[in-house]
Amino acid sequence: ASIAAPAATVEELYAKNREAEAEFHALMAGLRDEFKAELIERPGLKSEARVREKLEKKYGGDLSRVTDILAATLVFDTEEEILAAAEALKSRKYVLNFIDRWTAARASGYRDFQFKIALSNGVAAELQLHHRKIAEVNRYLDHSLYEFVRSNEGKEGTASWIEQTLSIERAFYDAALNGKYDKMSNDNKIKARAIARRLASHSKDRPEEVQPLLNLLSRIVHEEFGALSLDGQKIDNGKRMNNE
C-alpha cells in the first residue's frame, strides 16, 4: 500500500482525516472483534495545536510525516495474543509499515507494536498494539520516570541517575510480563507512583532530593521483585554492592 501525495495545508490534512474517520473506526472495530482485544480510540481527531507543534519542532514542516491524527490502540492480556496479532497484521494490504518495539524494546523495557494504516483516501493513521500490564506500568509509573530521564539525560553529573532509573523501569516492565506486578502490594504501588511523580519535576539543580528518591524506588523494587542489577552490580536498599 502507498500513501497519496500529502496535503498541501494542515487544514486540508484535517479535512481528509475527517473524511476517513468512519472508515478508520469501522476497520478498528473489525480488528477488535477478530483478535478479541480491547479497543481504545482517541475521542475525535488529534488536536491541531499539537500537530502544528510537532510539524514545527520535529517534522520540519513535512505534512507527510503527520500520520496519527487518527489513532487507536488494541490492548491484549497476554504476550502470546499480542505476538499473534502483530504477525497477522504484518501482511495486511492496508499496512504501510510497522515498528516492532516488542522484540527490540526501549532501554527502559517499554515495548509495543506500532502500525501505520493506509485508508482509502490516502490518509495514514496509527494503530498501536499494547500489552495490558505494560500499558498499566507505563500509564501509572513509567511516564513520570520517562519525563525525569528526558529532562536530565546528557546533563553533566546525571549519568548514574539515568542508569539507575532505566534499571528501575526495566524491573517494573519485567514484573508486568511475568505476573509479579499484579502481586505487588498496593501500598508499594502507591508509594512508587508518588515517587515517580516527584522525580518527574526534578532536575540537576536539586541533586540532594533526587538520589534519595531513586534509592527509595530501588528499595521498593528490591522488596517486591528481587535484586536490582546495574552493570554487574546489585543494588540493595538503594546502595550498590558487589555480586557474590
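Residues in the range 108-129 that are touching a residue at least 60 places away in the same chain (Cβ under 8 Å) and open to solvent by 30 Å² or more (accessible area, probe 1.4 Å) were compared, and the one that is nearest to Asn188 (Cα to Cα) is Arg111. Listed conditions (1) out of contact with any helix residue (DSSP H, G or I) (no Cβ under 6 Å at 6 or more places or on another chain); (2) touching a residue at least 12 places away in the same chain (Cβ under 8 Å); (3) open to solvent by 90 Å² or more (accessible area, probe 1.4 Å) are all met by Asn186, apart from (2). Among the residues of this structure, Ala71 does not count as one that is without any contact (Cβ under 8 Å) to a residue 40 or more places away in the chain, of a type in the set (Gly, Ala, Ser) and either crowded, with 16+ Cβ neighbours inside 10 Å or within 28 Å of Leu145 (Cβ to Cβ) (or both).
Restricting to the range 85-107, count the residues that are under 27 Å from Asn17 (Cβ atoms), open to solvent by 50 Å² or more (accessible area, probe 1.4 Å) and of a type in the set (Val, Ile, Thr). Number of matching residues: 1. Within the option set Glu23, Glu41, being of a type in the set (Asp, Glu), surrounded by 14 or more Cβ atoms within 10 Å (Cβ to Cβ) and in contact (Cβ under 8 Å) with a residue 60 or more places away in the chain holds for one residue only, Glu23. Please verify whether the range 145-161 includes one or more residues that are closer than 28 Å to Ser64 by Cβ and either of a type in the set (Phe, Trp, Tyr) or in contact with a Phe, Trp or Tyr (Cβ under 6 Å, 6 or more places away or on another chain) (or both). Yes, the range 145-161 contains at least one residue that is closer than 28 Å to Ser64 by Cβ and either of a type in the set (Phe, Trp, Tyr) or in contact with a Phe, Trp or Tyr (Cβ under 6 Å, 6 or more places away or on another chain) (or both). From the list Glu153, Glu209, pick out the single residue that is at pLDDT below 90 and within 30 Å of Thr73 (Cβ to Cβ). Result: Glu153 is the single residue among Glu153, Glu209 that is at pLDDT below 90 and within 30 Å of Thr73 (Cβ to Cβ). With open to solvent by 10 Å² or more (accessible area, probe 1.4 Å), in contact (Cβ under 8 Å) with a residue 40 or more places away in the chain and either in contact with a Cys (Cβ under 6 Å, 6 or more places away or on another chain) or within 16 Å of Ala135 (Cα to Cα) (or both) as the only criterion, which of Leu145, Leu166, Leu177 stands out? Step by step, each of Leu145, Leu166, Leu177 is checked, and only Leu177 is open to solvent by 10 Å² or more (accessible area, probe 1.4 Å), in contact (Cβ under 8 Å) with a residue 40 or more places away in the chain and either in contact with a Cys (Cβ under 6 Å, 6 or more places away or on another chain) or within 16 Å of Ala135 (Cα to Cα) (or both). The set of residues in the range 65-106 that are assigned to a helix (DSSP H, G or I), farther than 30 Å from Glu163 by Cβ and either touching a His at 6+ places or on another chain (Cβ under 9 Å) or among the hydroxyl-bearing types (Ser, Thr, Tyr) (or both) contains only Glu81. Criterion first (under 30 Å from Gln164 (Cβ atoms), of a type outside the set (Phe, Trp, Tyr) and modelled with pLDDT under 95) does Ala49 satisfy it? Taking the combined requirement at face value, the residue does not satisfy it.
The values are calculated or read from the model by the stated rules, or taken from the named source; none is laboratory data. Because the structure is a prediction, the values reported are computed rather than measured. FYI the Cβ positions are ideal-geometry reconstructions off the backbone, even for glycines, and counts take in every protein chain you see. Areas reflect the complete protein model, heavy atoms only, side chains present, ligands, DNA and RNA absent. Shrake-Rupley method; radii C 1.70, N 1.55, O 1.52, S 1.80 Å.
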